Amino acid sequence: MLAIVRTILVVLLSIIICVFGLIYCLFSPRNPRHVATFGRWFGRMSPLFGIRVEVRHPAGVTLPQNCIYIANHQNNYDMVTAAYVVQPRTVTVGKKSLLWIPLFGPLYWLTGNLLIDRDNSARAHSTLTEIVQSIKKRNISIWMFPEGTRSRGRGLLPFKTGAFYTAIAADVPIVPICVSNTSNKIKLNRWSNGLVIIEIMPPVATAGYSREQVRALTRHCRDIMKNKLDDLNAEVARRESVER
C-alpha cells in the first residue's frame, strides 16, 4: 500500500513540476539557471522515498565559476539525490533519447541541458567541441556522468574520457561529486530507507595535463571518487547500524 501511495504522489508531483517548468521556461528558454532550479525541485521529493539526504561542501573552498562537475551515476533515484546539488549556471549532458520522455524530455532540453548522440561518434565529438566553446562564452559549468551509464549496483564503473578531454580543452578544473550507494537500498514499501550522503569534493586542477595525458587524469579522478565513495558507504553503514 505504501508503495502505491508513494508512486502516485511521485508521478503527480513530477507531472506538476514538468508542466509548470515548461510554462515557466518558455519565458526564458534554455537559460542555464533553470537547471539548478528544477533539479532542486526534483531533489525535494527525496523524503517521499523515505531517504534522508545529507549534503557536504568542501570546507573553505569556493567552487569555480566555470568547471566540469563529474558524478557517479547509479539509477533513476539520481533524480532525487544528485539533482539536488546541481550548482547555479550548470547544465548537464545527457543522451539524445532523453528528449522523447513525455514532459520530462522537453523540460530537460528547454532548461538548457545539452543532448549528445552517443551512437554517432563524429557528432558526439562535435558536441564536445561546442561544449568547450560554450563554457566561457555562456559562463556555464557542465555536469557529466563519466561512467556513461547507470552502474545499477555494480560499483563505480570505468570512466570514459569525454569529460576529461573537455576539461583540458576548456582549461577548467574538474569537481568530483560522490553520492553514497542507493542501489538495492530504497524499498518503496518500507517507511524509512536510511541515509544518503552527497559530497562535493575540492576541484582538481587540469592545467598541468595535456590531451595526451587525459587517461592519467581520468584514472586520477576515478581513484579520488572511488576512495571517497568507499568512505561514504562505510560511514552510512556505521551510522545506520547505530540508529537501528
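The values are calculated or read from the model by the stated rules, or taken from the named source; none is laboratory data. Predicted model, so just to flag it, every value in this text is computed and none were measured. Quick reminder, even Gly has a Cβ in these numbers, built from the backbone with ideal geometry, and neighbours come from all protein chains shown. Each accessible area value is taken on the protein alone, full model and side chains, heavy atoms only, with ligands, DNA and RNA left out. Shrake-Rupley method; radii C 1.70, N 1.55, O 1.52, S 1.80 Å.
What the table below lists for this structure:
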read-out: Pair list, Cβ < 6 Å and 6+ apart or interchain, from segment 106-117 residues that are under 15 Å from residue 135 (Cβ atoms) to residues that are among the basic types (Lys, Arg) and surrounded by fewer than 19 Cβ atoms within 10 Å (Cβ to Cβ); value: 112/30
read-out: Number of the condition not met by residue 234 [criteria: (1) open to solvent by 20 Å² or more (accessible area, probe 1.4 Å); (2) touching a residue at least 12 places away in the same chain (Cβ under 8 Å); (3) over 23 Å from residue 60 (Cα atoms)]; value: (2)
read-out: Residues satisfying the stated conditions in segment 209-231, i.e. under 17 Å from residue 55 (Cβ atoms) and either crowded, with 18+ Cβ neighbours inside 10 Å or touching a residue at least 24 places away in the same chain (Cβ under 8 Å) (or both); value: 225, 228, 229
read-out: Filter result (in a loop (DSSP other than H, G, I, E, B), in contact (Cβ under 8 Å) with a residue 40 or more places away in the chain and either in contact with an Asp or Glu (Cβ under 7 Å, 6 or more places away or on another chain) or open to solvent by less than 20 Å² (accessible area, probe 1.4 Å) (or both)) within segment 40-57; value: 50, 51
read-out: Top-ranked residue in segment 58-72 [being β-branched (Val, Ile, Thr) and at pLDDT below 95; ranked as most open to solvent (accessible area, probe 1.4 Å)]; value: 62
read-out: Residue match in segment 96-106 (condition: of a type in the set (Val, Ile, Thr), at pLDDT below 95 and not in a loop (DSSP other than H, G, I, E, B)); value: no
read-out: Selection count, segment 149-208, where residues are buried (at least 17 other Cβ atoms within 10 Å of the Cβ), small (Gly, Ala, Ser) and either over 15 Å from the mean Cα position of the chain (by Cα) or in a strand (DSSP E or B) (or both); value: 5
read-out: Hits in segment 92-113 - residues which are surrounded by 19 or more Cβ atoms within 10 Å (Cβ to Cβ), among the aliphatic types (A, V, I, L, M) and touching a strand residue (DSSP E or B) at 6+ places or on another chain (Cβ under 7 Å); value: 93
read-out: In segment 44-65, the residues that are touching a strand residue (DSSP E or B) at 6+ places or on another chain (Cβ under 7 Å), small (Gly, Ala, Ser) and farther than 17 Å from residue 188 by Cβ; value: none
read-out: Considering residues of segment 73-91 that are buried (at least 23 other Cβ atoms within 10 Å of the Cβ) and polar (S, T, N, Q) only, the residue nearest to residue 136 (Cα to Cα); value: 90
read-out: Residue match in segment 128-137 (condition: under 18 Å from the mean Cα position of the chain (by Cα) and over 17 Å from residue 36 (Cα atoms)); value: yes
read-out: Any chance residue 211 is at pLDDT below 95 and farther than 20 Å from residue 82 by Cα; value: yes
read-out: Residue check for residue 69: part of a strand (DSSP E or B) and either under 20 Å from residue 204 (Cβ atoms) or in contact with a Ser or Thr (Cβ under 8 Å, 6 or more places away or on another chain) (or both); value: yes
read-out: Search result, residues across segment 18-28 that are touching a residue at least 60 places away in the same chain (Cβ under 8 Å) and surrounded by 13 or more Cβ atoms within 10 Å (Cβ to Cβ); value: 18, 21, 22, 25
